[in-house]
1. Of the numbered conditions (1) closer than 23 Å to residue 3 by Cβ; (2) buried (at least 18 other Cβ atoms within 10 Å of the Cβ), residue 73 satisfies every one except a single condition; which is it?
2. Quick check on residue 290: is it loosely packed, with under 14 Cβ neighbours inside 10 Å, without any contact (Cβ under 8 Å) to a residue 24 or more places away in the chain and either of a type in the set (Gly, Ala, Ser) or within 22 Å of residue 437 (Cβ to Cβ) (or both)?
3. Which residues, taken from the stretch 316-342, are farther than 13 Å from residue 133 by Cβ and either basic (Lys, Arg) or free of Cβ contacts under 8 Å to residues at least 40 places away in the same chain (or both)?
4. Would you be able to tell me the number of residues in the stretch 331-370 that are buried (at least 17 other Cβ atoms within 10 Å of the Cβ), in contact with a strand residue (DSSP E or B) (Cβ under 9 Å, 6 or more places away or on another chain) and farther than 15 Å from residue 383 by Cα?
5. What's the total number of residues in the stretch 276-325 that are of a type in the set (A, V, I, L, M, F, W, C), farther than 13 Å from residue 165 by Cβ and more than 12 Å from ligand 1 (Cβ to nearest atom)?
6. I need a count of the residues in the stretch 197-208 that are out of contact with any Lys or Arg (no Cβ under 8 Å at 6 or more places or on another chain) and assigned to a helix (DSSP H, G or I).
7. Is it the case that some residue within the stretch 104-123 is in contact (Cβ under 8 Å) with a residue 40 or more places away in the chain and in a strand (DSSP E or B)?
Amino acid sequence: MKPRVLILDDDPGTLASLSRAFALEGYEALTAGSAARAFERLAEEPVDAILSDVVMPGMDGLEFLARVKERVPEVPVILMSGQATVETAVKATRLGALDFVEKPVGLDRLLLTLRNVLRLDRLERENRSLSRHVQDEITLVGGSAAMGTLRALIERAAHSDAPILILGENGTGKELVARALHERSPRRGEAFVPMNCAAVPAELVESELFGHEKGSFSGAIAQRRGLFEQADGGTLFLDEIGDMPTPLQAKLLRVLQDGRFTRVGGTGEVRADVRLLSATNREIDLLVSEGRFREDLLYRINTVTVRVPALRERREDVSELTAHFAEAAARRNRWKPRRFSTEALDVLRQQPWRGNVRELRNIVERALILSGSDPVAAADVRGALPAAPASRGPAVPADGLLRDLVDGFEREVIRERLKALGGHVTNVAKSLGLERSHLYKKCKQLGIDIREEA
Ligand SMILES: Nc1ncnc2c1ncn2[C@@H]1O[C@H](COP(=O)(O)OP(=O)(O)OP(=O)(O)O)[C@@H](O)[C@H]1O
Ligand SMILES: [Mg+2]
């Protein structure tokens, strides 16, 4: 869309030449010969910037500027004057003019000023919308009793340095809880450093956490500070801690005991003041009893345990969450905001929600994309749900090579699973009973682009 600029000047010649020049530069120029006319035009259509003369019969440019700032404070204003005194310029700036140009106006200078003003304005708007998005991403939504209990626990637990273990199924909001804990803790102004223990290859976890010295292993081309150091003064969030390789568990335990460590390949001791939060969707007690997670480490990391309830245990939150995700998606994509009908919400409430809040979020967004109706109807929601598992097995094909048929079936299964679990590779691997690395290999071999399927 062309940026729209309103030009106000009592001299018809200036209006004509400026609007012609602006049009040539790709702007849509509106003109007004008096302040009164300018206000009429502003009432008719929104503009991106205003350019105004100062000395005019009737209302002058300064008074016009003051009124504009009352009515549409967000629209940037540039003033131009032939009799510019320092005093007028200062006054104009105080009133909120973004720039002041002298008449006769050098066209190049004016166009440059306008471009800068519009760019600044766009940046400010982007900034506001970005912080909105960040807010959208970190608010814990849900008025259910279970969420109330969770919030109260977060409030209480945040104000200490005690390590906290966050437990909950896939997509219940564990990471969100970790961020909420950090934001409400005395460390809120400091770093929040997350690491997903399942996503980092086992042999790199140590250097990722504790850093390394230059040349300590092939590929260590420079010294690197680990996440512990990066989180100094703040919070370190070890996500999927149940997947931490066993040798590393012993090292982590030692660091937690004496607060000191050495970088990989280094000798000097490093100290970092870190509050540790961890999370897992695994049955951590089971991992301990199977000898896959150290019991002494578990005691170290769970001074407080926070359980995030599954969505099916708090179905009363479904409608609020749906509204929240629909609004956030509309803001992010600049869609017109739409609601979900009562029947659509009923359908959503009844789902099993194995992928919990993340799955709900995906389905809400998919329904909004697939359907144009307002409100979104029950049928639209059904269309957006993952395909129900077939009651009978698939029909057995009469021909084709076994290898191709098997590949095709595997491809379909993995794609569906990726979709259902929001592209969360660890969980997909788990639900299929595969190692992560095996799943990656399979996807590569079958030509599945993991990011695309999510
Ligand atoms: N109570 C909530 N209010 C708003 N959004 C939520 C809530 N719970 C979860 N979400 C959203 O659902 C998605 C999944 O949340 P999050 O990543 O925190 O879950 P998780 O438990 O860490 O998942 P995983 O087990 O897969 O790591 C995110 O987009 C998050 O913003
Ligand atoms: Mg998580």
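1. Result: residue 73 fails condition (2) only.
2. So residue 290 passes the test.
3. 319, 323, 335, 336, 337, 338, 339, 341, 342 - these are the residues of the stretch 316-342 that are farther than 13 Å from residue 133 by Cβ and either basic (Lys, Arg) or free of Cβ contacts under 8 Å to residues at least 40 places away in the same chain (or both).
4. Total meeting the criteria: 1.
5. Step one: of the stretch 276-325, the residues of a type in the set (A, V, I, L, M, F, W, C) are 276-277, 279, 284, 286-288, 293, 297-298, 301, 304, 306, 308, 310-311, 318, 321, 323, 325.
With farther than 13 Å from residue 165 by Cβ added as a condition, the list becomes 286, 310-311, 318, 321, 323, 325.
Among the residues that remain, those that are also more than 12 Å from ligand 1 (Cβ to nearest atom) are: 286.
Total satisfying the criteria: 1.
6. 5
7. So in the stretch 104-123, the residues in contact (Cβ under 8 Å) with a residue 40 or more places away in the chain come out as 105, 107, 110-111, 114, 117-118, 120-121.
If we keep only those that are in a strand (DSSP E or B) too, we end up with none.
No, the conditions are met nowhere in the stretch 104-123.
Per-residue answers, yes or no, for (1) open to solvent by less than 10 Å² (accessible area, probe 1.4 Å); (2) part of a helix (DSSP H, G or I); (3) touching a residue at least 40 places away in the same chain (Cβ under 8 Å):
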residue: 194; (1), (2), (3): no, no, yes
residue: 222; (1), (2), (3): no, no, no
residue: 232; (1), (2), (3): no, no, yes
residue: 247; (1), (2), (3): no, yes, no
residue: 254; (1), (2), (3): no, yes, no
residue: 267; (1), (2), (3): no, no, no
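The values are calculated or read from the model by the stated rules, or taken from the named source; none is laboratory data. Everything numeric in this text was worked out from a predicted model, so none of it was measured. Methodologically, a virtual Cβ is constructed for each residue, glycine included, from the backbone with ideal geometry; neighbour enumeration extends over all protein chains shown. The area values use the complete protein model at the heavy-atom level, side chains included, leaving out ligands, DNA and RNA. Shrake-Rupley method; radii C 1.70, N 1.55, O 1.52, S 1.80 Å.
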